[in-house]
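My questions will all concern the structure given below.
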Amino acid sequence: MLKRINYYAVAPQAFELLLKQEEVLGQQFAQIPSLGKTILELVKLRVSQINQCAFCLDMHSTQALEMGETYERMIALSAWQDSPLFSDQERQALAWAEHLVAGYSVDDAHYEEMLANFGESGLTYLTVAINAISSWNRIVKVFKPEVGSFR
């Protein structure tokens, strides 16, 4: 396999911005009652599943386990709609993630429902987090860092 460039070494300023964004998202998800770090990791895992990003799946499943997530929920994540293991709030976040990753438009009724469930800050940070992990997935799929090398 062709050795790919080290994207961080080539464009450190660009990636420092993305890493700072991750730091801010982690802080905000921990502080906003409608979110929480569990939702952040579930969204990162689900979006990475959809985008088929092995590196990100390895990273975020490892981090989720370290945060106390269970194997059962991570295994059930690809079929969350049919699993009783997820809360209503988690289901809303996962549905929103799938909707946005698929590129669907957001009608007013769906927007209002999400706003009511997550509040202004929660909905904004959730949407940014979905965009952020989608961006990471696409970057990683181009440069193909070794799965397991994120530490």
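If you take the beta carbon distance between Leu2 and Phe150 as r and set R0 to 25 Å, what does 1/(1 + (r/R0)^6) give as a FRET efficiency, to the nearest 0.05?
Calculated transfer efficiency: 0.75.
Taking a ≥ b ≥ c as the square roots of the eigenvalues of the Cα gyration tensor of segment 62-123, is the shape rounded (a/c under 1.5), prolate (a/b larger than b/c) or oblate?
In terms of gyration-tensor shape, prolate.
Would you mind telling me which residue in Leu65, Leu40, Leu77 has the biggest mean-square fluctuation in a Gaussian network model of the chain, where springs connect alpha carbons within a distance under 10 angstrom?
It is Leu65.
Top mean-square fluctuation among Ala102, Ala93, Ala129, Gaussian network model of the chain, C-alpha springs under 10 Å?
The residue that fluctuates most here is Ala102.
For the chain, compute the number of Lys pairs whose alpha carbons are separated by less than 22 Å, excluding pairs fewer than 8 positions apart on the same chain.
8
Could I ask something else about it? I'd like to check one number: the per residue accessible area of the chain, probe 1.4 Å, reported in Å² as a whole number.
I get 57 Å² per residue for the chain.
I would also like to ask the following. Give the carbon-plus-sulfur fraction of the accessible surface of segment 11-96 in %, rounded to a whole number; probe 1.4 Å, heavy atoms of protein chains only.
For segment 11-96, the apolar C and S fraction of the accessible surface comes to 56 percent.
Helix 108-143 sits at what angle to the longest principal axis of the chain, using alpha carbons and giving 0 to 90 degrees rounded to 10?
Its long axis makes an angle of about 10 degrees.
Moving on. So how strong a dipole does segment 1-67 carry about its Cα centre when Lys and Arg Cβ are +1 and Asp and Glu Cβ are -1, to the nearest 20 debye?
That gives segment 1-67 a dipole magnitude of about 200 debye.
To the nearest 500 deg cm²/dmol, what mean residue ellipticity at 222 nm is calculated for the chain from DSSP H runs of n ≥ 4 alone, each contributing -39,500 (n - 2.57), summed and divided by the residues?
-23500 deg cm²/dmol
Which FRET efficiency value, to the nearest 0.05, is calculated for Gln13 and Asp58 with the Förster distance at 22 angstrom and r the Cβ-Cβ distance?
About 0.25, to the nearest 0.05.
If contacts are Cα pairs under 8 angstrom and at least 6 residues apart, what is the relative contact order of the chain in percent?
Computed over the chain, the figure is 39 percent.
Another one. Using a 10 angstrom cutoff on alpha carbons, build the Gaussian network for the chain and name the most mobile of Gly36, Gly103, Gly122.
Among Gly36, Gly103, Gly122, the largest mean-square fluctuation in the Gaussian network model of the chain belongs to Gly103.
The values are calculated or read from the model by the stated rules, or taken from the named source; none is laboratory data. Predicted model, so just to flag it, every value in this text is computed and none were measured. No Cβ is skipped: glycine too gets one built from the backbone with ideal geometry, and neighbour counts run over all protein chains shown. For accessibility, only protein heavy atoms count, side chains too; no ligands or nucleic acids. Shrake-Rupley method; radii C 1.70, N 1.55, O 1.52, S 1.80 Å.
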